[in-house]
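Taken together, the values in this text are just the output of simple stated rules run on the coordinates, not laboratory data. Please read these numbers as outputs of a predicted model, since none were measured by experiment. Here the Cβ is made from the backbone with ideal geometry for all residues, glycine too, and neighbour counts use every protein chain on show.
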Amino acid sequence: MPNIAFISPKGGAGKTTAALLLALGLAESGARVALIDSDPNKPLVHWASLPDRPASISVHPAPTVQDIRDAVREASRREPEWFIVDTEGSERGAMVFAALRFDLALTPVAGSQLDLREAIKAARMTEAFGKRAGSALAHRAFLTRVPPALKPRTLATVVAGLRAAEVKMLPTGLVEKEAFRALFAIGGGFEALEAAGVWGVPAARHNTESFVRDIVDLVRRPDAAPSRLAAEAHG
Ligand SMILES: Nc1ncnc2c1ncn2[C@@H]1O[C@H](COP(=O)(O)OP(=O)(O)O)[C@@H](O)[C@H]1O
Ligand SMILES: [Mg+2]
């Protein structure tokens, strides 16, 4: 059962959005997903309280790190095929490592130098926890809030910075999309957005599918991923 944790020392980078998109994408392919909401502001719990939540997604609050184990226990009763943990954007989020076994930590990077530094920090932190636990923990950064049209220079600088620091990246980045923001106001998934007349839903869905496929590939076939990532980097 894959355990995916979204971590970054900084808030507002795009963890919660990406965690929900991963859950929605997995649910669309028929999987049962448990979302652990480990942000005291409970953004995912709030999303779940809106109409049209897919029945295969359950959301479990864990307002403090100490609550994570209980939330996981409660979630386990529904026998989910995936666990996704969303953490709050602070150093405290890193303590999730101590509270939970996970297979993959993901850190969003919007196109800023600050995000770049935070992503490098998160990758190093994952490495350190892995060493302490005696097993290599996978970490990937991914771009988010990518402008849909022109890729600005700063984005190229950020990608180069990640590469220089040997921080591995998911091939797919999440685009800056009104539809992604609207999910938290309207609730449900892409069908609910379409029914509400939100603009750009097909592209948002397509972007999400590609993002989710990267993560599924990585978790299912860890050996196949590096060559693919290398091909992307050079292609
Ligand atoms: N890909 C995206 N497209 C549009 N808005 C986004 C995207 N990712 C994040 N946002 C917006 O940026 C803000 C912070 O995102 P959020 O996912 O809450 O970050 P975090 O959980 O890391 O604090 C929110 O207002 C969210 O709607
Ligand atoms: Mg968040």
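Some points to look at:
- Only the Cβ atoms of Lys and Arg (+1) and of Asp and Glu (-1) were treated as charged; on that basis the dipole of the chain about its Cα centre amounts to roughly 580 debye.
- Per-q log10 I(q)/I(0), the range 3-234, q = 0.10, 0.12, 0.15 Å⁻¹ (Debye; single scatterer per alpha-carbon; no solvent): -0.42, -0.62, -1.00
- Between the range 12-46 and the range 154-171, the alpha-carbon center distance in angstrom: 25
- When the Gaussian network model of the chain links Cα atoms closer than 10 Å, the mean-square fluctuations of A182, A195, A203 top out at A195.
- Relative contact order %, the chain, counting alpha carbon pairs below 8 Å whose residues are six or more apart: 23
- Straight-line cross-link partners of K168 among the lysines, defined as a Cα under 27 Å from its Cα and at least 8 positions apart when in the same chain: K10, K15, K121, K131, K151, K177.
- When the chain is treated as a Gaussian network with alpha carbon springs shorter than 10 Å, the biggest mean-square fluctuation among A110, A149, A179 belongs to A149.
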